[in-house]
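Below: one structure, written as structure tokens.
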Amino acid sequence: MVDSFVFRHMKEEDIDQILEVEHASFTTPWSREAFYNEIYNNKFAVYIVLEEYQKIIGYCGAWIVIDEAHVTNVAVLPDYRGKKLGEALLRKMMSMAKDMGARSMTLEVRVTNHVAQSLYRKLGFQNGGIRKNYYSDNQEDALVMWVNL
Ligand SMILES: CC(C)(COP(=O)(O)OP(=O)(O)OC[C@H]1O[C@@H](n2cnc3c(N)ncnc32)[C@H](O)[C@@H]1OP(=O)(O)O)[C@@H](O)C(=O)NCCC(=O)NCCS
């Protein structure tokens, strides 16, 4: 990854740019209030952004509860995909979660999202169970994936 990219914690001032990443990435994007609550009202939440020259390229979030980390989201702006930045974001989150005491990491992913599943498998995630009808927009099932940290 080139030196101009930096990781840092998400701040309230980032939310406008985060919403752009969010709307470009998900069929049911999170709201401004959802990110605000994660930043100020959820003591378990850790959100990092990947930034280049004040522009937010992507972000990753997780809830870290005692020894387990649960990834809520990872997304990269479409123009920047395929450059190992999603991988770098998730690797950073895995390393932070481990440093904070997490021993395992889990997440849900749409059963049709083969790109994301491929990223997770590359980083050692294994298939867990299926959560039926997990996504409310199209009743799609979620695949649960997990990895030991
Ligand atoms: C999933 C996402 C974050 C991946 O980010 P990215 O920066 O494009 O991915 P990377 O370049 O870091 O790729 C890392 C690995 O992901 C997988 N991957 C990435 N793009 C892929 C593609 N087009 N097809 C298949 N696998 C792909 C590969 O395993 C790749 O490793 P490799 O390059 O050694 O083959 C990005 O596609 C995205 O934002 N998607 C929309 C939001 C989303 O679906 N998030 C996950 C929700 S659970």
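The values are calculated or read from the model by the stated rules, or taken from the named source; none is laboratory data. Here the structure is a predicted model, which is why all the values come from computation and not from measurement. Because the Cβ atoms are built from the backbone with ideal geometry, glycine has one as well, and the counts that use them run over all protein chains shown. These area figures cover heavy atoms from the full protein model, side chains too; ligands, DNA and RNA do not enter into them. Shrake-Rupley method; radii C 1.70, N 1.55, O 1.52, S 1.80 Å.
Per-structure values
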item	result
Residue ID - nearest to residue 91 (Cα to Cα), chosen from residues in the range 101-149 that are open to solvent by 90 Å² or more (accessible area, probe 1.4 Å) and under 16 Å from the mean Cα position of the chain (by Cα)	122
Residue match in the range 2-19 (condition: charged (D, E, K, R), within 14 Å of the ligand (Cβ to nearest atom) and in a loop (DSSP other than H, G, I, E, B))	no
Test result for residue 32, under 15 Å from the mean Cα position of the chain (by Cα) and open to solvent by 20 Å² or more (accessible area, probe 1.4 Å)	no
Tally, over the range 63-95, of residues that are more than 20 Å from residue 23 (Cβ to Cβ), within 9 Å of the ligand (Cβ to nearest atom), over 10 Å from the mean Cα position of the chain (by Cα) and open to solvent by less than 80 Å² (accessible area, probe 1.4 Å)	2
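So that you can scan it fast, the table gives a plain yes or no per residue for (1) on the phi > 0 side of the Ramachandran plot; (2) free of Cβ contacts under 8 Å to residues at least 24 places away in the same chain:
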| position | (1), (2) |
| --- | --- |
| 21 | no, no |
| 31 | no, yes |
| 43 | no, yes |
| 62 | no, no |
| 66 | yes, no |
| 69 | no, no |
